[in-house]
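The structure under discussion appears below in the form of structure tokens.
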Amino acid sequence: MLTTATPDVRFELPALPFERHSLEPALSRAQIDLLYSHYHRQQLTTLNAALAAADPRSLATLASEGPAQLRPAAAQAWGMTLFWHGLAARPAAPEAALTARVAHDFGGWERLASIWSARVVASAPGGFSWLGLASDETLTLMETPEGELPSGIKPLLAIALCEEAYRIDFGDDRSAYFTALWSRLNWETLTLLLDLPCVSPQAMPYVE
């Protein structure tokens, strides 16, 4: 992922895959700024304050095997990176193979949106709601509390549930927040991570 290199820190705030204003009107620049420049940066600042620049451990490793006091920040930072790359200013229409997969596993796009929205609304603030691949190769949804990564699934898309993700634009209305995100979800990311046929594949940034 592109970053502005700083030699004395372990983790840099990754560059967004879109301009901060480009998700408007679904999500405002102010909302993106709060989540990106404040919340996401804060997680990395916590890690960098405790780690040497030469520490070789990835975010995923720190989230699962690192010191207990650093695991939450590592998990949140990893989830935020996937969250950003699951959004697009102008999402492409889902590929036929993905549409067939969603129809088989959820009953179609409308059914997936309805189920996922209800789960986002019902979840406690702080963690993530994930669309992932289960061990039986079916698409599934899972929520995790703040500071934890999902287990038993391969994460494909993430929706941030911390209040910093929605309070400026939506207050406490997480249903409206989900609807806004749904219109900007990057189905190409899902297609690439599932290794499904794609007409115009793009390189997927590495997520530590």
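The values are calculated or read from the model by the stated rules, or taken from the named source; none is laboratory data. Here the structure is a predicted model, which is why all the values come from computation and not from measurement. Using ideal geometry, Cβ is built from the backbone for each residue, glycine included, and neighbour counts are taken over all protein chains shown. Just so you know, the surface numbers come from the protein's heavy atoms only, side chains and all, with ligands and any DNA or RNA stripped out. Shrake-Rupley method; radii C 1.70, N 1.55, O 1.52, S 1.80 Å.
Values for this structure:
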| quantity | calculated |
| --- | --- |
| Looking only at region 56-72, and only at residues there that are part of a loop (DSSP other than H, G, I, E, B) and touching a residue at least 12 places away in the same chain (Cβ under 8 Å), the one that is nearest to the chain's Cα centre (by Cα) | SER58 |
| Among the candidates ALA53, ALA15, ALA74, ALA63, residue that is farther than 24 Å from TRP130 by Cα and either open to solvent by less than 20 Å² (accessible area, probe 1.4 Å) or of a type in the set (A, V, I, L, M, F, W, C) (or both) | ALA53 |
| Condition check for GLU146: assigned to a loop (DSSP other than H, G, I, E, B) and either under 21 Å from ALA30 (Cβ atoms) or in contact (Cβ under 8 Å) with a residue 40 or more places away in the chain (or both) | yes |
| Matching residues, region 141-155, being within 17 Å of ASN186 (Cα to Cα) and modelled with pLDDT of 95 or more | LEU141 |
| Filtered residue count, region 155-169, keeping only those that are touching a Ser or Thr at 6+ places or on another chain (Cβ under 9 Å) and either in a loop (DSSP other than H, G, I, E, B) or not β-branched (Val, Ile, Thr) (or both) | 6 |
| Check on LEU141, of a type in the set (A, V, I, L, M), open to solvent by less than 70 Å² (accessible area, probe 1.4 Å) and more than 21 Å from LEU27 (Cα to Cα) | yes |
| The lone exception for ALA53 - which of (1) touching a residue at least 12 places away in the same chain (Cβ under 8 Å); (2) part of a helix (DSSP H, G or I) it fails | (2) |
| Residue list for region 22-41, restricted to those being in a helix (DSSP H, G or I), touching a helix residue (DSSP H, G or I) at 6+ places or on another chain (Cβ under 8 Å) and surrounded by 14 or more Cβ atoms within 10 Å (Cβ to Cβ) | GLN31, LEU34, LEU35, TYR36, TYR39, HIS40 |
| Every residue from region 96-126 that is open to solvent by less than 40 Å² (accessible area, probe 1.4 Å), touching a residue at least 40 places away in the same chain (Cβ under 8 Å) and more than 21 Å from TYR177 (Cβ to Cβ) | ALA97, LEU98 |
| Residues of region 151-174 that turn out to be of a type outside the set (Ser, Thr, Tyr) and open to solvent by 20 Å² or more (accessible area, probe 1.4 Å), as a count | 14 |
| Unique match (being among the hydrophobic types (A, V, I, L, M, F, W, C), farther than 25 Å from LEU34 by Cα and outside any loop (DSSP other than H, G, I, E, B)) among ALA75, ALA113 | ALA113 |
| Residues within region 178-192 that are within 13 Å of the chain's Cα centre (by Cα), part of a helix (DSSP H, G or I) and over 14 Å from SER129 (Cβ atoms), tallied | 3 |
| Region 97-108, residues that are more than 15 Å from LEU192 (Cβ to Cβ) and in a helix (DSSP H, G or I) | THR99, ALA100, VAL102, ALA103, HIS104, ASP105, PHE106 |
| Residue within region 121-132 that is in a helix (DSSP H, G or I) and modelled with pLDDT of 95 or more present | yes |
